[in-house]
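First comes the structure, then the notes that go with it.
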Amino acid sequence: MQKYLYWPYDELTIDFNPQDENLSLKTPWLSLMIKKNSEQNPLWEILTDKINNHKLTAHDISAISNFFSNFKDYPISYILPSPKKSPLDKHLVSDGRHLEGSFTEQLELILKSCQKEDSTLFTSEEIRQLKNLLARQNWQWDNEAALQFASINDRIHPESLFSVARRYHYLEILENEHGGEYLSRLNTLERAKIQNALAIIIRQNHFVTEQCQSSLKPALKTALSSIDLVKDFMKEEKGHDKILNKALFHLDVSPETIDVSLQTRASMALLKYVAGRNFLAFSMAINSFEREPPIKDNSLIKSLKTHGFMESAKFMERHSTINEQGGHSTIALDFIAPMDLCSKDYALEALRLMEIISLLHCSVSKVLINPLAS
């Protein structure tokens with residue numbers, strides 16, 4: 001198993017009270033309560049003070065890494081770049097088409113490429129419409145800082161860059177994803193409209209599971225020595241659409257009666273595109289699909305229960321539980337463990353592709369705007 005060096009995310013704070021049994025670690029997207037280890041308490045208290053007051057130095061890397069290795073499955077820390085042991089997979093950028101160009105130019109380029117493969121995916125008008133559904137139409141992620149952070153010997157450490165992109169994605173969600181807010185406003189609607197709105201959201205998830213196999217398949221050509229991991233992941237994802245179909249059934253609807261939004265279709269098209277082009281971008285995208293930040297209780301399941309749709313909630317919970325038990329929330333990092341240090345161009349392409357996918361994710365909840373306005 002790969003051993004990493006860790007460094008706390010900028011937003012992390014720790015609550016340490018010598019009289020309390022637990023230690024609290026907080027980011028805007030996740031809170032953890034950890035039972036203290038009496039032998040480690042003096043060290044943890046020192047580290048807490050350094051983290052909260054931004055006093056960490058390079059001399060603390062060993063102690064910090066040991067501390068955060070206890071929480072490696074949670075998105076609260078960066079992975080620091082460090083040498084990797086050979087032999088490793090060498091991933092190369094295909095061409096420079098994604099290294100330059102505006103955000104909207106890149107979005108159009110990718111969608112038109114997807115359209116060439118399947119003309120039924122989008123109309124030219126839908127491609128133009130999609131831009132207006134996004135929270136912004138310009139690049140904002142600090143790719144220069146990300147590449148500098150993950151750099152080692154003028155190459156890029158893939159897992160380190162992955163950890164930076166993961167933080168960028170969570171910050172994007174905090175700023176631009178309003179699904180929880182929309183769901184909280186369902187209380188203003190009559191029951192039939194609430195039922196319809198919840199079905200619309202579940203249908204988007206259902207479509208993702210329907211398209212999963214075809215969207216993942218191109219990664220079999222780019223995964224190299226991670227191919228067995230990808231195959232296993234694909235096997236575990238099979239049949240999830242049937243579970244969500246039952247959630248829809250208990251809302252008295254069938255999938256065919258509910259439209260799949262343009263942004264949901266585009267998200268899966270982009271996943272398929274990056275799967276066949278950039279395995280690092282693919283792994284970043286899988287993390288975003290499989291591990292949405294638990295900023296609060298699962299808003300959709302909570303809403304289903306609040307409004308009395310208990311059977312539907314049961315199947316949504318089953319789907320969530322299967323993913324958790326299968327380790328899907330951490331599988332993406334395992335995908336890139338055998339990846340060698342990569343070029344800056346390959347890494348930059350991954351970041352740019354992931355930023356587009358992140359914004360598409362944030363736009364999916366807009367399917368609730370019309371039901372709320374009606």
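Some observations on this one:
Yes or no, residue by residue, for (1) closer than 26 Å to THR257 by Cβ; (2) in a helix (DSSP H, G or I); (3) open to solvent by less than 10 Å² (accessible area, probe 1.4 Å); (4) touching a helix residue (DSSP H, G or I) at 6+ places or on another chain (Cβ under 6 Å):
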site: LYS131; (1), (2), (3), (4): no, yes, no, yes
site: ALA135; (1), (2), (3), (4): no, no, no, yes
site: TRP139; (1), (2), (3), (4): no, no, no, yes
site: SER160; (1), (2), (3), (4): no, yes, yes, no
site: ALA165; (1), (2), (3), (4): no, yes, yes, yes
site: TYR170; (1), (2), (3), (4): no, yes, yes, no
site: LEU183; (1), (2), (3), (4): yes, yes, no, yes
site: LEU186; (1), (2), (3), (4): yes, yes, yes, yes
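- Verdict on ARG203 being among the charged types (D, E, K, R), within 20 Å of LEU251 (Cα to Cα) and surrounded by fewer than 19 Cβ atoms within 10 Å (Cβ to Cβ): no
- Every pair of residues 6+ apart whose Cβ atoms lie under 6 Å, when the first sits in the range 204-219 and is of a type in the set (Asp, Glu) and part of a helix (DSSP H, G or I) while the second is at pLDDT below 95 and open to solvent by 10 Å² or more (accessible area, probe 1.4 Å): GLU210/ASP241
- The range 19-30: number of residues that are open to solvent by 80 Å² or more (accessible area, probe 1.4 Å) and under 26 Å from the mean Cα position of the chain (by Cα): 1
- Residue match in the range 80-103 (condition: surrounded by 11 or more Cβ atoms within 10 Å (Cβ to Cβ) and assigned to a helix (DSSP H, G or I)): yes
- Of the residues making up the range 249-278, those that are assigned to a loop (DSSP other than H, G, I, E, B), open to solvent by 10 Å² or more (accessible area, probe 1.4 Å) and of a type in the set (S, T, N, Q) are SER254, SER261.
- Residue match in the range 43-61 (condition: open to solvent by less than 30 Å² (accessible area, probe 1.4 Å) and of a type in the set (Gly, Ala, Ser)): no
The values are calculated or read from the model by the stated rules, or taken from the named source; none is laboratory data. Computed from a predicted model, the values in this text were never measured in an experiment. No Cβ is skipped: glycine too gets one built from the backbone with ideal geometry, and neighbour counts run over all protein chains shown. The area values use the complete protein model at the heavy-atom level, side chains included, leaving out ligands, DNA and RNA. Shrake-Rupley method; radii C 1.70, N 1.55, O 1.52, S 1.80 Å.
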